[in-house]
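The values are calculated or read from the model by the stated rules, or taken from the named source; none is laboratory data. Not measured: the values here are computed from a predicted model. All Cβ positions, glycine included, derive from the backbone under ideal geometry; neighbour counts span all protein chains shown. Calculation scope for accessible area: heavy atoms of the full protein, side chains included, ligands and nucleic acids excluded. Shrake-Rupley method; radii C 1.70, N 1.55, O 1.52, S 1.80 Å.
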Amino acid sequence: MRETTLTVDSGSGGYEVRIGAGLLDRMGDAVRAVSHAPRAALVADSNVMRLFGERAGRALEGAGLRVVPVEIPAGETSKSWERAGAVIEAFSESGIARDDVVIALGGGVVGDLAGFCAATYMRGVGVVQVPTTLLAQVDSSIGGKTGVDLPRGKNLAGAFWAPLAVVADTATLSSLVEAEWTSGLAEVAKSAILDGEPAVGALFGDSEALSRRDPGAVEMAVIMAASLKVRTVSADERESDARESLNLGHTLGHAIEKVAGYGAVAHGAAVAEGMRFAARVAERMEGVSVDWTARQDLLLSRLGLGRSGCAYPPEALLEAMRSDKKVRAGEVRMVLSRAPGDWVARSVPDEILVAELVSWCGAQRRTEEGAR
Ligand SMILES: NC(=O)c1ccc[n+]([C@@H]2O[C@H](COP(=O)([O-])OP(=O)(O)OC[C@H]3O[C@@H](n4cnc5c(N)ncnc54)[C@H](O)[C@@H]3O)[C@@H](O)[C@H]2O)c1
């Protein structure tokens with residue numbers, strides 16, 4: 001069985017990200033390699049517990065760990081302060097101790113929530129992230145950001161808590177519903193655009209295979225995107241320069257999610273729309289060629305991320321962008337791609353944002369035909 005190991009160089013000592021098909025059944029060994037814990041609190045949502053709970057439990061028991069399952073309801077609403085309290089109570093009631101380990105088995109919701117509970121319970125218990133969505137395998141499980149949403153916004157309470165290890169079994173992705181799969185592909189496209197021409201070319205070449213989730217293509221895409229995240233957070237664990245690049249497409253993306261009402265638009269669809277918009281702003285502010293914009297549009301379309309339209313008033317989107325955490329000195333920050341592998345972060349004046357939003361929310365400016 002093939003396994004790829006990437007190493008995150010973190011301020012707190014570093015950890016490995018293991019990627020491969022079938023790793024779920026061998027995760028006991030991966031946990032043992034980083035922990036002598038007698039017990040494992042296995043946190044998963046209702047869907048993931050049903051799909052993979054038994055196999056994960058067997059793998060952990062096979063490595064001599066006693067398993068305490070902690071199930072939460074599926075969905076973003078579980079990423080709450082109240083649910084975190086309930087999970088921490090469950091740790092306490094079942095006698096989870098400081099030398100035990102938390103296993104976060106699932107998508108970004110479970111990863112963020114279980115990671116946050118691990119960070120705070122007894123002032124910190126080790127956590128192993130076992131991501132089972134594409135978004136979680138290429139993004140949220142790596143980098144140590146954990147947290148919960150508050151009524152006033154997403155991720156408003158949280159902690160940096162680097163995992164002991166990340167174990168990504170790419171075979172688990174075959175059961176994802178199509179919307180979750182495509183949503184994750186937006187992050188994969190973002191990674192390729194930030195990474196450079198070889199990654200962009202490879203993603204174009206594999207786009208058809210990815211749409212049928214060919215195991216080899218899936219593994220290569222996860223390795224490419226996870227590698228970029230590993231390199232980025234290794235350079236910059238606490239988000240200032242390099243880590244800002246990961247916000248490509250997220251400035252407008254987050255605004256769309258907020259204006260539409262959380263859950264109404266898939267995260268990936270919103271980010272894809274944000275990447276298309278950022279390409280237009282890059283043309284205007286950086287003199288980027290229209291060919292690069294057209295190519296990014298085409299890449300997203302090939303990955304099943306067509307234009308989702310812009311059904312929201314530009315003023316509401318601008319207001320939402322301005323309320324984002326990333327506003328600096330009153331101006332909205334955007335990551336702009338100048339070419340494959342070449343990006344800058346810029347403060348974008350309101351008048352440019354308004355003009356571009358008005359034009360973007362109007363008719364689509366050019367067709368994608370013949371862009372490559
Ligand atoms: N910490 C970070 O750096 C970071 C980065 C990006 C996003 N996030 C967070 O991640 C969250 C979104 O994560 P997500 O998109 O993975 O959503 P999610 O965790 O809600 O998972 C999506 C759905 O897929 C189901 N599922 C998970 N694995 C499955 C599988 N293998 N087969 C079938 N179904 C499966 C889940 O039960 C859920 O219903 C957001 O809260 C976001 O804020 C965090």
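A few remarks follow.
- Gaussian network model of the chain, Cα within-10 Å springs - most flexible of ARG123, ARG213, ARG26: ARG123
- Segment 20-67 and segment 155-212 have their alpha-carbon centroids 22 Å apart.
- Mean ellipticity per residue at 222 nm, deg cm²/dmol - from DSSP H runs of n ≥ 4 across the chain, formula -39500 (n - 2.57): -13500 deg cm²/dmol
- Computed on the chain, with alpha-carbon pairs under 8 angstrom and 6+ residues apart, the relative contact order is 14 percent.
- Heavy atoms of the protein chains alone define the surface here; on that basis segment 84-161 has 33 Å² accessible area per residue at 1.4 Å probe size.
- Loop-located GluC sites (Glu not before Pro) in segment 160-189 (DSSP state other than H, G, I, E, B) with a sparse environment of at most 11 neighbouring Cβ atoms within 10 Å are absent.
- Around the Cα centre of the chain, unit charges on the Cβ atoms of Lys, Arg, Asp and Glu (plus for the first two, minus for the last two) sum to a dipole of about 200 debye.
- Rounded to 10°, Cα long-axis angle of helix 250-260 versus longest principal axis of the chain: 90 degrees
- Surface composition of the chain: carbon and sulfur make up 51 percent of the accessible area, probe 1.4 Å.
- Principal-axis tilt of helix 108-120 within the chain, Cα atoms, nearest 10 degrees: 50 degrees
- Antiparallel bridge percentage (DSSP; both residues within the chain; nearest 5): 40 percent
- For the chain: lysine pairs under 18 Å (alpha-carbon distance), excluding those fewer than 8 apart on one chain: 13
- Note on the chain: semi-axes of the ellipsoid equivalent to its C-alpha gyration tensor, largest first and rounded to whole Å, are 35, 22, 18.
- Hull shadow area, averaged, segment 176-295 [alpha-carbon convex hull, nm²]: 8.2 nm²
- Helix 290-302 vs. the chain, principal-axis angle (Cα, 0 to 90°, nearest 10): 40 degrees
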